There are 2 protein chains.
Amino acid sequence: MLSTTASLTVTSVAALALVIIFNTVHDPLLAALGFALLGCMITLRLIPALKDSFKKAGRQNELTYNQITITTNLMSRPESMGVVCATVYLVCLFLFIPFPFMEWLTGSGGILSRKEVFHIPTFPHDKLGEFLSAILSLQSMIFLGFADDVFDIRWRYKLLLPTIASIPLLMVYYVNFGVTYIVVPIPLRFLFGRIVDLGVFYYLYMSMMAVFCTNSINILAGINGVEAGQSLVIGISIAINDWLFLNGADPAVEAHLLSLFLILPFIGVTIGLLFYNWYPSKVFVGDTYCYFAGMTFAVVGILGHFSKTMLLFFIPQIFNFLYSAPQLFKLMDCPRHRMPKLNAKTRKLEYSRARIKSSSLLSLLILKIFSGLRLAKITKIKRKEKIQQQDSELTFTETEKFNNEDDDDTDSNMIEVNNFTLINLILLKFGPMHEHTLTITVMIIQILGSALAFFVRYRLVHFFYKEDGS
Amino acid sequence: MLSTTASLTVTSVAALALVIIFNTVHDPLLAALGFALLGCMITLRLIPALKDSFKKAGRQNELTYNQITITTNLMSRPESMGVVCATVYLVCLFLFIPFPFMEWLTGSGGILSRKEVFHIPTFPHDKLGEFLSAILSLQSMIFLGFADDVFDIRWRYKLLLPTIASIPLLMVYYVNFGVTYIVVPIPLRFLFGRIVDLGVFYYLYMSMMAVFCTNSINILAGINGVEAGQSLVIGISIAINDWLFLNGADPAVEAHLLSLFLILPFIGVTIGLLFYNWYPSKVFVGDTYCYFAGMTFAVVGILGHFSKTMLLFFIPQIFNFLYSAPQLFKLMDCPRHRMPKLNAKTRKLEYSRARIKSSSLLSLLILKIFSGLRLAKITKIKRKEKIQQQDSELTFTETEKFNNEDDDDTDSNMIEVNNFTLINLILLKFGPMHEHTLTITVMIIQILGSALAFFVRYRLVHFFYKEDGS
């Protein structure tokens with residue numbers, strides 16, 4: 001539980017948030033900021049309270065149901081507090097629904113002054129539909145993530161269900177905007193012309209984006225605070241980008257306003273979660289949080305019409321995904337866990353390794369490419385040598401030789417390679433690190449990625465598009 | 001798993017459903033029927049498949065996470081297959097979203113023929129918003145039910161969260177209809193006038209309805225097939241009521257069409273679930289199903305504008321709720337479980353009893369009222385008598401005497417009373433029953449309730465309202 005001082009602070013800030021919310025009838029952006037604060041405070045308050053309650057629930061379930069016995073290991077930290085954080089976010093959004101529409105709800109059309117049956121013809125039903133579809137798609141993914149935390153969901157469902165979850169979003173995108181063309185960058189116009197209409201493929205692209213965002217955060221995970229940390233950086237980057245649009249005279253102001261309504265409370269609850277998830281973490285975020293964060297970004301990118309800019313904020317995730325792909329898609333040997341391993345003596349994390357058993361042409365090719373790019377470190381395991389050979393970097397030719405040797409003793413021919421994740425790569429390049437430092441390093445990389453994204457989006461863009469964006 | 005013949009049948013019917021769906025561009029009602037069939041078949045197929053997978057997932061989780069160990073007892077039946085059924089329903093609804101809007105999506109405004117950027121000004125954004133808000137509120141409750149199955153959620157959240165979950169629904173109701181007045185029945189008009197505007201209280205009433213519907217099915221539960229059975233009867237009653245409106249020339253046709261879109265797939269998945277949940281049940285429905293069913297009814301009643309008729313279909317649930325209230329709200333002693341107990345010899349169910357420890361004035365008053373209404377059977381427990389005294393019906397005066405006797409041996413002064421649930425009352429009135437017969441009895445009562453509802457709605461109504469409904 002929180003200390004008395006902390007508890008008082010949380011309560012005071014929550015009260016402040018309520019004051020802000022109740023005084024923002026005509027400024028939904030301020031209300032969103034209020035809900036961000038409130039969400040953060042509720043998360044800060046609920047996680048320690050529910051942490052014990054989750055455990056207790058585990059015991060209670062054991063008594064109640066004889067069909068499923070859920071036992072929680074009382075000595076360890078509770079998994080899946082992401083579901084608490086995501087639920088607080090949903091509650092904030094539900095309560096926020098009326099705020100962007102306050103001018104239609106108060107005054108002469110207001111609930112209390114209404115005497116006659118009448119229809120509000122000017123009500124922006126399309127905007128309400130947009131907001132509802134955003135919450136619907138988000139909630140679907142949170143539900144899926146939670147189900148994945150409780151039962152392990154199979155991969156095919158993990159790809160199929162986000163596609164279905166994005167239907168409301170795509171439907172609303174279709175009827176509200178229906179823009180499916182892209183403006184071709186100047187250097188490529190001699191090939192495609194100025195505009196290319198992608199038609200249905202544009203919807204396929206948006207739906208794929210939902211699948212990508214949700215899963216890419218899920219695979220850059222595994223150390224304290226890293227999931228919430230990277231999501232916080234991305235979330236703040238989106239908010240800054242939206243802010244830049246609000247101050248300009250762009251026609252896309254409405255879209256970026258919607259984006260802010262969704263991203264501000266997200267930043268709030270993420271800070272609340274990170275407080276407990278930061279090293280040494282008291283709670284884990286679970287798959288729920290990764291799905292929740294990823295889908296928030298996808299929704300905001302689609303409805304805010306900046307899916308390309310959004311992908312720029314995902315540079316570290318895109319790199320991690322491409323780098324992980326050979327192991328994820330089983331083109332190479334992939335161990336059950338690819339997380340870095342703790343060296344008990346130094347108390348630092350070291351990169352983990354995968355043993356290469358198969359010598360298929362494809363996996364050798366991948367090893368060759370990754371070695372060439374200095375992304376793979378190949379280690380030989382000597383016969384009857386118990387302790388793995390330290391840091392003996394081999395060239396690819398040597399490795400190939402090993403694989404061609406006769407196979408009388410499998411162990412003598414084995415090679416190992418670092419697991420292909422960004423986190424292991426950091427440990428490989430910068431040496432063993434404390435978990436705390438490692439998370440900060442990932443966050444710094446994420447911030448550098450966002451800086452690059454802003455540079456590309458606002459500076460380099462002039463080389464590809466004319467001033468007026470055409 | 002299903003047998004080969006059953007499996008072939010399921011596949012064929014699913015194929016038929018797909019054919020129906022793909023040929024119903026201009027008849028969304030037929031498409032809804034197709035999705036009902038499809039939902040039923042997918043549920044029939046998924047439950048046996050996931051039953052094993054849930055168990056396997058339990059074991060996998062045990063290996064994967066050392067934070068939460070979920071172990072399923074492999075000898076017993078899997079809990080909470082309601083979540084599978086509800087998820088299939090949601091997937092059906094998501095896929096159904098475009099169907100009511102096909103005329104705007106196909107033809108000249110269609111996705112493939114579209115060349116220019118344009119906005120569809122005639123698109124019924126309000127109808128889409130209605131549908132999205134319905135799914136959103138439903139999904140929130142399913143999520144809550146699932147969370148309740150996994151962790152036991154506290155009562156205060158069980159009441160608070162459905163209220164928040166109904167916000168999108170109320171928001172859409174407000175902007176689309178905003179009707180908050182009720183037409184007063186003729187005999188009462190001398191008091192209130194012809195029309196009473198309830199204002200905000202109307203929204204409170206609708207929100208309370210969501211809370212009531214979800215919880216009232218949850219407390220008429222506990223024997224094989226009873227939750228899905230009663231819900232099936234209510235669902236079919238709603239569909240019949242909608243059907244009666246469609247054939248008439250009522251202006252409410254659109255609202256009842258929406259109701260059918262939502263209720264037909266519900267009937268489909270419920271039949272699929274009931275197939276496995278019927279005595280002797282292979283799976284349990286869990287809280288998820290009860291919440292899911294209850295919220296479906298509340299949503300349909302609110303958006304279809306027949307919340308009063310809906311409550312008429314809930315007569316058995318309302319009776320059960322009022323009857324249970326003294327025990328639920330701890331006005332009387334309430335045991336942990338109030339389910340009927342199995343007599344091992346006869347293999348029949350007998351009503352269960354609660355031991356009355358407190359002799360508060362309130363609980364005595366309730367006992368007196370219920371005894372008077374012949375709803376309570378009070379049994380005395382004799383001193384040192386191991387076997388409970390059989391069927392010794394006592395009048396209340398005798399009971400009171402017991403309570404006034406000196407308290408030297410608590411056991412000698414104890415009385416027991418049947419637990420106040422509809423299921424126990426049936427067993428009390430009709431004698432011990434096989435579980436199978438008991439479920440059928442509850443369903444017959446539900447059908448009689450619906451018959452009464454139709455009689456009140458379509459015959460008795462003339463005593464209260466004029467022909468034109470004014």
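Less than 5 angstrom separates the built amide H of residue A:222 from those of A:227, all sequence-distant by 5 or more or on a different chain.
Inter-chain Cβ neighbour count for B:139-152, averaged per residue, equals 6 (cutoff 10 Å, partner chain atoms only).
Shown in residue order for region A:290-299 are the 3J(HN,Hα) couplings computed by the Karplus curve 6.51 cos²θ - 1.76 cosθ + 1.60 at θ = phi - 60°: 4, 5, 4, 4, x, 6, 4, 5, 4, 4 Hz (x for Gly and Pro).
Over region A:218-337, consider all pairs of different Cα atoms and compute the Kirkwood hydrodynamic radius from their mean reciprocal separation; express it in Å, one decimal. 15.5 Å is the Kirkwood radius here.
Distances, shortest first, from the label point of residue B:23 to those at the same position in the other copies read 6.5 nm; the point lies 7 Å along Cα to C-beta. Taking amide H as placed 1.01 Å from N in the peptide plane, residue B:348 has its amide H under 5 Å from the amide H of B:343, each at least 5 places away in sequence or on another chain. Applying a threshold of 28 Å to the alpha-carbon distances of A:380/A:429; B:158/B:429; B:282/B:330 flags B:158/B:429; B:282/B:330 as lying beyond it.
Divided by 2.2 N^0.38 Å, where N counts the residues, the Cα radius of gyration of region B:211-253 comes to 1.54. Computed over the Cα atoms of region B:287-372, the ratio of the radius of gyration to the Kirkwood radius (Rg/Rh) comes to 1.09. Among B:329, B:464, the ranking by other beta carbons within 10 Å of each residue's beta carbon, starting with the fewest, stands as B:329, B:464. Inter-copy label distances for residue B:460: 7.4 nm (label point placed 7 Å from Cα along Cα→Cβ; shortest first). Remark: label point of residue B:333 defined 7 Å out from Cα along the Cα-Cβ vector; separations to the same position in other copies 6.7 nm, ascending. Residues A:270, B:4, A:437, A:421, arranged from fewest to most other Cβ atoms within 10 angstrom of their Cβ, appear as B:4, A:437, A:421, A:270.
Any read-out appearing in this document is the output of simple, stated calculations on the displayed coordinates, not a laboratory observation. This structure is a prediction, so every number in the text was calculated from the model and none was measured. Note that we place each Cβ from the backbone using ideal geometry, even for glycine, and neighbour counts take in every protein chain shown.
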